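S.K.: One structure coming up, written as C-alpha cells, with questions to follow.
The values are calculated or read from the model by the stated rules, or taken from the named source; none is laboratory data. Please read all numbers here as calculations on a predicted model, not as lab measurements. Here the Cβ is made from the backbone with ideal geometry for all residues, glycine too, and neighbour counts use every protein chain on show. Surface accessibility is based on the protein's heavy atoms, side chains included, excluding ligands, DNA and RNA. Shrake-Rupley method; radii C 1.70, N 1.55, O 1.52, S 1.80 Å.
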Amino acid sequence: MAATTQPPGERAFFLKNSGDIERVKKTGRRLQTSLFNLVSCRSEAPHARVGVIVGKRLGGAVARNRAKRIFRELARQSRQDLMPGRDLLVFPKHGVLTAEHRILRDAWRTALRQQTLVRPGDTT
C-alpha cells in the first residue's frame, strides 16, 4: 500500500504539552478580537496544532468546557486549511458563550487569514 499523507490524529492535532504551550505564549504573534485572543508561532511539527486555554475567570467548569468544545470544533472544521508547521493557542473571552455560531465562525476565519495561518487560496 502506498504511503499517503494523512492528517494528524485527534491527539496530535491538539496542543496539550505544557512546554509547547509555554513556548507559543512566549514567542508567538498575538491577535486580539472581541471574542478571543489568538497566539501563533512556528513549530517543528509537520502539521498545524491548536490549543485552547480557558482560565477560571471565564466562569465555572460548565462554561469553561463549553468554550473549549466550541473552539475545538472550529479548529477541526479548519484543520485541512491550516498552514503546516504552525502552533496556535486560543484564549476564549466571555462573549464566546453567547455569540451566534455564524459570528464566531466568521471571526475565527478572519483571524486565521489575518495571521496568515491558512494556506493561500483557501477560503476558511
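S.K.: Between GLN80 and THR33, how many nm apart are label points set 7 Å from Cα along the C-beta direction?
M.R.: 2.1 nm
S.K.: Pairing the Cα long axis of helix 101-114 with the longest principal axis of the chain, what angle in degrees results, from 0 to 90 and rounded to the nearest 10?
M.R.: Roughly 50 degrees between the two axes.
S.K.: Same structure, new question: How do HIS94, HIS47, HIS101 rank by accessible surface area computed with a 1.4 Å probe, from largest to smallest?
M.R.: These residues rank, largest area first, as HIS94, HIS101, HIS47.
S.K.: Work out, step by step, the length gained on full extension between LYS56 and ILE21: first 0.36 nm times the residue separation, then minus their alpha carbon distance; give nm to one decimal.
M.R.: Additional length available on full extension: 10.8 nm.
S.K.: Moving on. Roughly how many Å² is the accessible area per residue of the chain, as a whole number, for a 1.4 Å probe?
M.R.: 60 Å²
S.K.: Rg (Å, one decimal) plus Dmax (Å, integer) for the alpha carbons of the chain?
M.R.: 14.3, 50
S.K.: What are the residues whose amide H is under 5 Å from the amide H of VAL50, where those residues sit 5 or more places off or on another chain and H is modelled from the backbone?
M.R.: PHE14, LEU15, LEU88
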